[in-house]
Structure formats: C-alpha cells, structure tokens
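The values are calculated or read from the model by the stated rules, or taken from the named source; none is laboratory data. In this text the structure is predicted, and so the values were computed from the model without any measurement. Virtual Cβ from ideal backbone geometry, glycine too; neighbours counted across all protein chains shown. In case anyone asks, the SASA skips ligands and DNA or RNA and just uses the protein heavy atoms, side chains included. Shrake-Rupley method; radii C 1.70, N 1.55, O 1.52, S 1.80 Å.
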Amino acid sequence: VFSKLGQGLIDEAWTDFTRGEEQEFTAETPHTPVFMPWFFHRWLPDPKETNFPEFAAREATVAGEFLAQRRRHLDPLLARYLEACAAAPFSFYEIVRAEAGRGFLLRDLILERETFVTEHTGSQNARKADIVVAQIAAIDGLALIEGWGTVVIQPGDKPAIIDLRKHLRDEFGLSGAAPLKDWESDLIGLYLDLAERILH
C-alpha cells in the first residue's frame, strides 16, 4: 500500500496532522517521531475529501492494510505488535521515574494511569517531570514505545494538558475504552501548539 501510494498519501496525512497548516511533509520536521507512527497506525483519510478514494473505501490504516494483505507471511509476534499499535492511543506522558538502561515509569496525563516502559537507550537521557507525546503499545506484559516525541514539554505547560483532560472528560467521558480517534485530534492539536512555542 505504502509503496504504491507513496508521497501523496503521506502529504495528505501530514495536512490532516497539521490541521491544514502544512501541505508537504519533509523528514527534517521535529514532529517525524510522532507523525510517522500516527500515519501508519492511526490515520484514516476523510472519504469525502481524500485524493485516494479507493484506499479510504477500505477503512483501514496503512499498517492495517499491510497486516490484512501480509499476515500469513508475517511472524505472529510482529502481527500482534501491529495490532497492539493500532489499539494504542497517543497521549501526554510525564516521566515519574527513570531507570537508566532499563526504562522508565510514565504517567498518562490524559487517562491518569501509570505504565513502566521498557526502553534501553532513551531512558539514559530521560529526566523526571519531563512531558512528551508518545504512543505506548502493550504486548505480552511489556509496554513498548512505538512513537516518542523529541519535543520535550516543560512542567509549566502541564496546566494546559490538565485543561484538555477536563474538556475531554466532559465531552467523551474517557472511562474505560474511550473513543480514542474522536479526541486524538484535540490532543495532537495541543501538542503542535505547545511544540510551536517551544521550538520558536
């Protein structure tokens, strides 16, 4: 799917990701570590506005379409990992505790739960109270990082995230299996606003 549709599909997803503010994706953007997992595992084109109606008609993400076509040729563990990524929302995570070379304990500031993530390299530079946007996939009792924003959000911006949580709780409930795709665009929007201020 990806090789056939290529850059055009990425650019359309990028336009959706940036709320129409940027039309063309470049790998140099600091948002690549968030955007690419979102593109593969979370993005669905708008069937009314897409330039790729045949892809939109399948109602599958890029990774989901790949899985549907290639499952029987894939390692079962990889297939289950892709399914875990499809189910994993992006969220704001605060670093509660870092264990260099092993991983860190993260607190999801939207769903208000803690997860220990196994990660060897990044945990060596992680600092307590830093906040990042990330996608955490759980498989076989392990929580693994699929997407991890390189723009570190400072503790002083935490009230804006708490305000978003209150809004989402009032709007969608956020209890149990929340309608993730309904509120993820709000979360990405806040991330981009905060990152823009930090970067510029």
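Condition first: touching a helix residue (DSSP H, G or I) at 6+ places or on another chain (Cβ under 6 Å) and of a type outside the set (A, V, I, L, M, F, W, C). Can you find one or more residues in region 35-42 that meet it? Show your work before the answer.
Let us first name the residues in region 35-42 that are touching a helix residue (DSSP H, G or I) at 6+ places or on another chain (Cβ under 6 Å), namely 35, 39-41.
Those still in the list that are of a type outside the set (A, V, I, L, M, F, W, C) too: 41.
Checking region 35-42: at least one residue is touching a helix residue (DSSP H, G or I) at 6+ places or on another chain (Cβ under 6 Å) and of a type outside the set (A, V, I, L, M, F, W, C).
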May I ask you to verify whether Glu83 is without any contact (Cβ under 8 Å) to a residue 24 or more places away in the chain, surrounded by 17 or more Cβ atoms within 10 Å (Cβ to Cβ) and assigned to a helix (DSSP H, G or I)? yes
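Restricting region 118-137 to residues that are over 27 Å from Asp193 (Cα atoms) and β-branched (Val, Ile, Thr), which is surrounded by the most Cβ atoms within 10 Å (Cβ to Cβ)? Give the derivation first.
From region 118-137, those over 27 Å from Asp193 (Cα atoms) are 118-121, 124; that's our starting set.
Within this subset, residues satisfying the condition of being β-branched (Val, Ile, Thr) are 118, 121.
Details: Thr118: 13, Thr121: 7.
The extreme case among them is Thr118.
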Only one of (1) out of contact with any helix residue (DSSP H, G or I) (no Cβ under 6 Å at 6 or more places or on another chain); (2) surrounded by fewer than 19 Cβ atoms within 10 Å (Cβ to Cβ); (3) within 28 Å of Gly6 (Cβ to Cβ) is not met by Thr115, so which one is it? (3)
Criterion violated by Arg42 - all others in (1) open to solvent by 40 Å² or more (accessible area, probe 1.4 Å); (2) within 18 Å of the chain's Cα centre (by Cα); (3) among the basic types (Lys, Arg) satisfied: (1)
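Do the conditions hold for Gly101, that is, is it free of Cβ contacts under 8 Å to residues at least 60 places away in the same chain, outside any helix (DSSP H, G or I) and open to solvent by less than 100 Å² (accessible area, probe 1.4 Å)?
Numbers: free of Cβ contacts under 8 Å to residues at least 60 places away in the same chain: yes; outside any helix (DSSP H, G or I): yes; open to solvent by less than 100 Å² (accessible area, probe 1.4 Å): yes.
The answer is yes for Gly101.
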Only one of Pro47, Pro33 is in contact with a strand residue (DSSP E or B) (Cβ under 9 Å, 6 or more places away or on another chain), more than 15 Å from Ser185 (Cβ to Cβ) and either modelled with pLDDT of 85 or more or part of a loop (DSSP other than H, G, I, E, B) (or both), namely Pro33
Can you pull out every residue in region 138-167 that is in a strand (DSSP E or B) and surrounded by fewer than 17 Cβ atoms within 10 Å (Cβ to Cβ)? Ala138, Ile139, Leu142
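Being open to solvent by 30 Å² or more (accessible area, probe 1.4 Å) and in contact (Cβ under 8 Å) with a residue 12 or more places away in the chain is the filter here; which residues of region 48-60 pass it? If you could, list the steps in order and put the result at the bottom.
Quick first cut of region 48-60, residues open to solvent by 30 Å² or more (accessible area, probe 1.4 Å) only: 48-49, 51-54, 57-59.
Across region 48-60, the qualifying residues are Asn51, Phe52, Glu59.
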